[in-house]
Amino acid sequence: MRIVQIIDSLEVGGAERMAVNYANKLSEKIEFSGLVATRCEGSLLNQVNKNVSYLFLNKKSSLDLKAVFRLKSYIKKNKVDIIHAHSSSFFIAVLVKFIYPKIKIIWHDHYGPRISESKKENKVLRFSSVFFISIFVVNKQLREWSQKYMHCKKVVFIPNFIQETQFVEQTTVLQGSEGKRIVFLANLKKPKNHFTVLEAFFELKLFDLGWSLHLIGKDYFDLYSQNLKDFIKSKDLYNHVHLYGARNDVSFILKQASIGILASTFEGFPVTLIEYGKAKLGVISTNVGFCSEIIKDKETGLLFNPLCKQELLSQLKKITENESLRNNIAVNLKKIVADNYEADKVIETIILEYSKIEK
């Protein structure tokens, strides 16, 4: 079995991390596991295992024929059977199939907001789906969307998983008091809903009780980011809300926290919840995407509607005030993650799907 994962970028993001996770874990299980970054590299490159075959295409445009032929040569040279294309990288995979028809394409959809989009907004994707042999999705809503709009009717739900990263230097030391740290792991961009969390943190005056809030994720230095910083400044929260930017030592960071929060207005399958669970954090989570399948309210976390700040205020108050509740849901979530979302179990499912395609 010879498989290559394709992703546009190796910057820190959900789809990007999963492409690296698949390439790494498959390299332990199959004959050939490759990873291709099409457009740009990034900090995730440091997490690619040495036994993964890696190629950077440095694609300059959507129709960069030089990049297409380089990818075709790489696939042919390494006798690749299947391209596993993540998110928007499907397009270059289809261009390769035009000149190398024997290659098979799986498209993996990680994009939660797609469920609110029409087929008109996805014209290129729908056309391209004629050339897919299978579609993998990260939640049930995305499966329904693909079954309704895509020309490839074989749609398979595959849960995300996390993999322990080797040789990542543990450098990020969180400020604030031990046992009173809330971590928010998400890039600073609109769907992640940071502003609502900041408002709730301020309105509950959690800092007066010793709590601190830690934002871990890429800063795009745009209007969204500036608005967050302006709010922190206007409310004099500099000593209580801390921004760290993108970090590689996530598991080390989470060990220093007590609560993990996820507040997105759209989600696919957030790897963040799996990471929170593995770190044994008390979790408060949005109820969108696959979140409510992982987080059962008051059992493995506390759920809220991300568009209702009052729900967030109520749940955040509960989880910060009740240490026993916090500890119980942390223990329960850790078990759920171990039982259902460990790398080996998910990879077994993936390999089974690959083998069906190869036949």
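The values are calculated or read from the model by the stated rules, or taken from the named source; none is laboratory data. All figures in this text were calculated on a predicted structure; none of them were measured in a lab. So basically every Cβ, Gly included, is an ideal-geometry build from the backbone, and we count neighbours across all protein chains shown. Keep in mind that these areas ignore ligands, DNA and RNA; they rest on the heavy atoms of the full protein, side chains included. Shrake-Rupley method; radii C 1.70, N 1.55, O 1.52, S 1.80 Å.
Please verify whether region 33-41 includes one or more residues that are part of a loop (DSSP other than H, G, I, E, B), under 28 Å from Leu142 (Cβ atoms), hydroxyl-bearing (Ser, Thr, Tyr) and out of contact with any Asp or Glu (no Cβ under 8 Å at 6 or more places or on another chain).
Of region 33-41, the ones part of a loop (DSSP other than H, G, I, E, B) are 41.
Now narrow it down to the ones that are under 28 Å from Leu142 (Cβ atoms): 41.
Okay, now just the ones that are also hydroxyl-bearing (Ser, Thr, Tyr), so none.
Checking region 33-41: not a single residue is part of a loop (DSSP other than H, G, I, E, B), under 28 Å from Leu142 (Cβ atoms), hydroxyl-bearing (Ser, Thr, Tyr) and out of contact with any Asp or Glu (no Cβ under 8 Å at 6 or more places or on another chain).
Which ones in region 34-53 are open to solvent by 20 Å² or more (accessible area, probe 1.4 Å) and touching a helix residue (DSSP H, G or I) at 6+ places or on another chain (Cβ under 8 Å)?
Of everything in region 34-53, those that are open to solvent by 20 Å² or more (accessible area, probe 1.4 Å) and touching a helix residue (DSSP H, G or I) at 6+ places or on another chain (Cβ under 8 Å) turn out to be Gly42, Gln47, Val48, Asn49.
Among the residues of region 20-48, which ones are among the hydrophobic types (A, V, I, L, M, F, W, C) and within 19 Å of Leu273 (Cβ to Cβ)?
Here is the first cut: in region 20-48, the residues among the hydrophobic types (A, V, I, L, M, F, W, C) are 20, 23, 26, 30, 32, 35-37, 40, 44-45, 48.
Once the filter is applied, which keeps residues that are among the hydrophobic types (A, V, I, L, M, F, W, C) and within 19 Å of Leu273 (Cβ to Cβ), region 20-48 yields only Val20.
Counting just the residues of region 282-297 that are open to solvent by less than 20 Å² (accessible area, probe 1.4 Å) and not in a loop (DSSP other than H, G, I, E, B), which one comes out farthest from Ile115 (Cα to Cα)?
Of the residues in region 282-297, the ones open to solvent by less than 20 Å² (accessible area, probe 1.4 Å) are 282-286, 289-291, 294-295.
From what is left, the residues that are not in a loop (DSSP other than H, G, I, E, B) are 282-286, 291, 294.
Numbers: Gly282: 29, Val283: 25, Ile284: 23, Ser285: 19, Thr286: 16, Cys291: 15, Ile294: 19 Å.
Top of the filtered list is Gly282.
With the condition kept exactly as written, say whether any residue in region 169-190 is without any contact (Cβ under 8 Å) to a residue 60 or more places away in the chain, among the aliphatic types (A, V, I, L, M) and surrounded by 14 or more Cβ atoms within 10 Å (Cβ to Cβ).
The answer is yes; a qualifying residue exists.
Considering only residues that are in contact (Cβ under 8 Å) with a residue 60 or more places away in the chain and either at positive phi or among the hydrophobic types (A, V, I, L, M, F, W, C) (or both), which ones fall in region 141-163?
Initially, region 141-163 is screened for residues in contact (Cβ under 8 Å) with a residue 60 or more places away in the chain, giving 141-142, 156, 158-163.
Of everything in region 141-163, those that are in contact (Cβ under 8 Å) with a residue 60 or more places away in the chain and either at positive phi or among the hydrophobic types (A, V, I, L, M, F, W, C) (or both) turn out to be Leu142, Val156, Ile158, Phe161, Ile162.
Out of the residues in region 314-332 meeting the condition of being touching a residue at least 60 places away in the same chain (Cβ under 8 Å) and either under 20 Å from the mean Cα position of the chain (by Cα) or open to solvent by 20 Å² or more (accessible area, probe 1.4 Å) (or both), tell me which one is nearest to Lys102 (Cα to Cα). Outline the logic, then answer.
Restricting attention to region 314-332, the residues satisfying the condition of being touching a residue at least 60 places away in the same chain (Cβ under 8 Å) are 316-317, 319-320, 326.
If we keep only those that are either under 20 Å from the mean Cα position of the chain (by Cα) or open to solvent by 20 Å² or more (accessible area, probe 1.4 Å) (or both) too, we end up with 317, 326.
On the way: Lys317: 57, Arg326: 53 Å.
Going through the qualifying residues, I end up with Arg326.
Give me the residue from region 23-33 that is touching a helix residue (DSSP H, G or I) at 6+ places or on another chain (Cβ under 7 Å) and open to solvent by less than 10 Å² (accessible area, probe 1.4 Å) and, out of that set, nearest to Lys76 (Cα to Cα).
Ser33
List the residue pairs whose Cβ atoms are under 7 Å apart, where the first residue sits in region 122-140 and is within 21 Å of Tyr100 (Cβ to Cβ) and polar (S, T, N, Q), the second is open to solvent by 50 Å² or more (accessible area, probe 1.4 Å) and part of a helix (DSSP H, G or I), and the two are 6 or more positions apart or on different chains.
Ser128/Phe91
Across region 264-273, what is the total count of residues that are buried (at least 24 other Cβ atoms within 10 Å of the Cβ) and part of a loop (DSSP other than H, G, I, E, B)?
So the count comes out to 4.
For every residue, the table says whether it meets (1) part of a helix (DSSP H, G or I); (2) of a type in the set (Lys, Arg).
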site	(1), (2)
Glu299	no, no
Glu311	yes, no
Gln315	yes, no
Arg326	yes, yes
Ala330	yes, no
Leu333	yes, no
Asp344	yes, no
Glu348	yes, no
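Search region 335-359 for residues that are of a type in the set (Lys, Arg) and pair each with any residue that is assigned to a helix (DSSP H, G or I) and exposed (fewer than 12 other Cβ atoms within 10 Å of the Cβ) when their beta-carbon atoms are under 9 Å apart and the residues are at least 6 apart or on different chains.
Within 9 Å, the pairs are Lys345/Asp339.
So, Ile162, is that one at pLDDT 95 or above and of a type in the set (Val, Ile, Thr) or not? Give the derivation first.
Working: at pLDDT 95 or above: no; of a type in the set (Val, Ile, Thr): yes.
Here the answer is no, as Ile162 does not meet what is asked.
Count, please, the residues in region 199-250 that happen to be in contact with an Asp or Glu (Cβ under 7 Å, 6 or more places away or on another chain) and part of a helix (DSSP H, G or I).
2
Out of Leu223, Leu243, Leu209, I need the residue that is under 16 Å from Val12 (Cβ atoms) and open to solvent by 50 Å² or more (accessible area, probe 1.4 Å). Which one? Spell out the reasoning first.
Details: Leu223 fails: under 16 Å from Val12 (Cβ atoms); Leu209 fails: under 16 Å from Val12 (Cβ atoms).
Every option except Leu243 fails the conditions.
For Arg17, are the conditions met, namely being out of contact with any helix residue (DSSP H, G or I) (no Cβ under 7 Å at 6 or more places or on another chain) and among the basic types (Lys, Arg)? Quick ask: steps written out before the conclusion?
Working: out of contact with any helix residue (DSSP H, G or I) (no Cβ under 7 Å at 6 or more places or on another chain): no; among the basic types (Lys, Arg): yes.
In short, no.
If you check Ile182, Ile162, which single one turns out to be closer than 22 Å to Leu273 by Cβ and in contact with a Phe, Trp or Tyr (Cβ under 7 Å, 6 or more places away or on another chain)? I'd like the intermediate steps shown before the answer.
Working: Ile162 fails: in contact with a Phe, Trp or Tyr (Cβ under 7 Å, 6 or more places away or on another chain).
One residue alone meets the criteria, Ile182.
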